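The values are calculated or read from the model by the stated rules, or taken from the named source; none is laboratory data. Keep in mind that this is a model prediction, so the values were computed, not measured. Neighbour counts are summed over all protein chains in view; Cβ atoms, including those assigned to glycine, are modelled from backbone coordinates with ideal geometry. Just so you know, the surface numbers come from the protein's heavy atoms only, side chains and all, with ligands and any DNA or RNA stripped out. Shrake-Rupley method; radii C 1.70, N 1.55, O 1.52, S 1.80 Å.
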Amino acid sequence: MSDTTADPASRRVCIDKQSPKAYHALVETADAVRAVAAEAGLDRSLVELINLRVSQINGCAYCLNVHTRAALRAGETTQRLGVLAAWRDTELFTERERAALALAEATTEPANAVAQESAYETARQVLNDDEISAVIWVAITINAFNRVSVLSKHRVVPLTLGSPRG
């Protein structure tokens, strides 16, 4: 195990660095999925809401950090981001967004067959086939990135004022 591929404190292999060809293939998949989502008419804000909700379920701090900033750049409000984990209990999300979030959750937790069927039935009423496919692909892709980051123990470092990433 080389020093560049493992965090000595956790002894975790950073699989994105250890197997860069596989990681780059995942990045290429994400690029293709982003294009599919845009072609299907999913705006960037909705894609980021899906990325965030799936990352919340998976407990991926690194992806939550990245996609919160992306959602804000896409025009999301701090209010909606703050209540995203409890989206069912608010009136802040449209019917279309609710259908997409439920479908993304069902994709993330596929063993819950009842929730999956319910989410799919709701999605069928609100989203077209291209949108359903795009939502599922977005959820599948962020699930994969969540696992890379969680299992590699990617760290979230504090941003400072004036930081180019802040």
All conditions in (1) open to solvent by less than 50 Å² (accessible area, probe 1.4 Å); (2) at pLDDT below 95; (3) of a type outside the set (V, I, T) are true of L26 except (2)
With the structure loaded, tell me whether A99 is in contact (Cβ under 8 Å) with a residue 24 or more places away in the chain and open to solvent by less than 30 Å² (accessible area, probe 1.4 Å) or whether it fails that test.
yes
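Of everything in region 109-135, what is open to solvent by 70 Å² or more (accessible area, probe 1.4 Å) and in a loop (DSSP other than H, G, I, E, B)? Give them in sequence order.
Hits for region 109-135 are E109, P110, A111, N112, N128.
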Reported set for region 39-64 where residues are within 23 Å of V157 (Cβ to Cβ), open to solvent by 50 Å² or more (accessible area, probe 1.4 Å) and of a type outside the set (A, V, I, L, M) is Q56, G59, Y62
Inside region 136-162, the number of residues satisfying the requirement of being of a type outside the set (K, R) and not in a helix (DSSP H, G or I) is 8
When (1) free of Cβ contacts under 8 Å to residues at least 40 places away in the same chain; (2) assigned to a helix (DSSP H, G or I) are applied to N65, the one that fails is (1)
Going through region 155-166 in order, the residues found to be at pLDDT 90 or above and farther than 15 Å from T68 by Cβ are R155
Pairs returned, first residue in region 132-161 that is closer than 19 Å to A99 by Cβ and of a type in the set (G, A, S), second residue that is open to solvent by less than 60 Å² (accessible area, probe 1.4 Å) and in a loop (DSSP other than H, G, I, E, B), beta-carbon separation under 7 angstrom, 6 or more apart or interchain, are A134/L42
